[in-house]
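Remarks on the structure that follows.
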Amino acid sequence: MNFKTLFSEKTLGDLDLPHRIVMAPLTRCRSSQPGDIPNALNAEYYKQRSSAALIITEATQISPQGKGYAFTPGIHSAEQIQGWGKITDAVHSENSHIFMQLWHVGRVSHSAIQVDNALPVAPSAIAVEGQAFTEQGMLDFEVPRALELNEIPSIVEQYKQAAINAKQAGFDGVEIHAANGYLLDQFLKDGTNKRNDIYGGSIENRTRLVLEVVQVVIDVWGGSRVGIRISPTGTFNSMSETNPQALYNYLVDKLNQFNLAYLHVVERFGDDASEDFDFYELRRIFNGAYIANGGYTGQLAEQSLDSNQSDFVAFGAPFIANPDLPEKIKQGAPLNPADPDTFYGGDSKGYTDYPSLVDAST
Ligand SMILES: Cc1cc2nc3c(=O)[nH]c(=O)nc-3n(C[C@H](O)[C@H](O)[C@H](O)COP(=O)(O)O)c2cc1C
């Protein structure tokens, strides 16, 4: 297949990117303990993948409260900022670009992970199904505590401080994680947001927190260095929404006022219900770049770009197992399969030891 568009240049915000293949955010739970600090192994992993036009980091907790899984990195301490600095240096030494994904998990946490064993917080006191991955093993999720109205400014402040810290760590920009059932998504969708104050009920109210967060983050970075990730039809983390098209059409229209670099859309992930959703409507409404994600191959990505459905395509699992994914796609080389047993936690096995084409030929 001819990947003419996939390997053509394109600007993203004010960055000139050499092609259209983006590395999707991928949680790998391998930060140094104690302190959730990015380390040299993490730097090697990202450097290996720097042939991506843009790397989006694994989701990174903006505060201790924002943490939901054992061993995920943070961006709220001096040691973490320093650790990330080594990663941004490594990626920049390869002339690539890297954005940090800013993450608050909301209810997808556990008191065993929280400071002073506090309950996780959420828009409403509704538990997620399943179990949390903690340092003490898998524990049943608890009913979270609904945030008080007067606590919401402190959530917004956490995003602002994390955005400042990411800048200090040398990132090229940040992606606001409003997807996959975490705090901002919990506010957006009506299955998790049952509030009856100005942050719940109408679509206007449910999108309020996300828009407030975007505002403070662009105050730090400027719109051209900020993206946002959404998953309109996602059901991961027990999510549901009665009218996703109306909700996301409204949100994306409102996002236009910020002149963001990109809208990153998880179009499918796991067993979500995307058949009835028109992603092209979001693409049409949005005034920045559209990054498509979810189950793409090189061929599907080229088709999406060629038919003007997207500007960039992000690859998740394929990047775990193929550090040189763009070159493999270009050459039509077979891809290594990803091993789910080594996705979360562990050492270099299943992390930095996947062979690239160069390794295979030596
Ligand atoms: C191991 C693993 C970790 C992930 N971690 C994140 C994450 O930190 N943030 C996020 O927004 N999505 C995360 N995702 C979702 C991916 O970014 C992506 O949306 C999903 O894998 C679908 O894309 P793909 O078909 O190209 O893999 C993760 C997926 C996997 C498999």
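Every read-out reported here was derived from the displayed coordinates using simple, explicitly stated rules and does not represent laboratory data. All figures in this text were calculated on a predicted structure; none of them were measured in a lab. Glycine also receives a Cβ, built like all others from the backbone with ideal geometry; neighbour counts cover every protein chain displayed.
Highest mean packing comes first when the peptides 59-70, 211-222, 311-322 are listed by Cβ atoms within 10 Å, giving 59-70, 311-322, 211-222. Each part reduced to its alpha carbon centroid, the range 183-223 and the range 122-180 end up 13 Å apart.
A simple rule links phi to the HN-Hα coupling: the Karplus curve 6.51 cos²θ - 1.76 cosθ + 1.60 with θ = phi - 60°, which for the range 49-64 gives 9, 7, 7, 5, 5, 8, 9, 9, 5, 3, 4, 10, 5, 7, 6, x Hz, with x for Gly and Pro. For the set LYS47/LYS254; LYS47/LYS349; LYS67/LYS167; LYS4/LYS86, the pairs lying more than 26 angstrom apart at their alpha carbons are LYS47/LYS254; LYS4/LYS86.
Using 0.36 nm per residue and subtracting the Cα-Cα separation, the extra length available between ASP339 and ASN259 on full extension is 25.0 nm.
Give me the extension gain from GLN82 to VAL115: residue separation times 0.36 nm, minus the current Cα-Cα distance, reported in nm with one decimal.
Details: separation 33, 0.36 × 33 = 11.88 nm, distance 2.24 nm.
Result: 9.6 nm gained on full extension.
Distance between the C-alpha centres of the range 61-84 and the range 325-362: 27 Å, rounded to the whole angstrom.
Comparing Cα centroids, the range 14-44 and the range 232-296 end up 23 angstrom apart.
Label separation (LYS10 vs ASN150): 4.8 nm, computed from points 7 Å beyond Cα along the C-beta direction. For LYS328, the aspartates and glutamates whose Cα comes closer than 14 Å to its Cα, not counting residues fewer than 8 places off in the same chain, are ASP359. Remark: the range 334-345, residue by residue, has Karplus-estimated 3J(HN,Hα) of x, 8, 5, x, 7, 9, x, 5, 10, 4, 10, x Hz, where x stands for each Gly or Pro and the curve is 6.51 cos²θ - 1.76 cosθ + 1.60 at θ = phi - 60°. Protection proxy ranking for 198-209, 142-153, using the average of other Cβ atoms within 10 Å per residue and placing the highest first: 198-209, 142-153.
For the chain, return all DSSP H helices satisfying: extent of Cα atoms along own axis at least 18 Å; mean Kyte-Doolittle hydropathy at least -1.0.
Numbers: long enough: 78-92 (21 Å, -0.45); 152-168 (25 Å, -0.35); 208-221 (20 Å, 1.53).
The answer, listed by residue number, is 78-92, 152-168, 208-221.
Run the Debye formula on the Cα coordinates of the range 10-361, all scatterers equal and no solvent, and tell me log10 I(q)/I(0) at q = 0.06, 0.10 1/Å. Each listed q corresponds, in turn, to -0.19, -0.55. With the gyration tensor restricted to C-alpha atoms of the range 93-164, the semi-axes of the equivalent ellipsoid amount to 26, 19, 10 Å, longest first.
Could you sort 184-197, 236-249 so that the peptide with the highest average Cβ count within 10 Å comes first and the rest follow in order? Write out the running numbers ahead of the final one.
Details: 184-197: 20.9, 236-249: 17.4.
Ranking the peptides 184-197, 236-249 by packing returns 184-197, 236-249.
Among beta bridges from DSSP that stay inside the range 10-361, the antiparallel ones total about 20%.
Ranking GLN331, GLY345, ALA360 by Cα position along the charge dipole of the range 322-362, where only Lys, Arg, Asp and Glu carry charges on their C-beta atoms, puts GLN331 farthest toward the positive end. Just the projected area, averaged over all directions, of the convex hull on the alpha carbon atoms of the range 105-223: how many nm²? That works out to 8.0 nm², a quarter of the Cα hull's surface.
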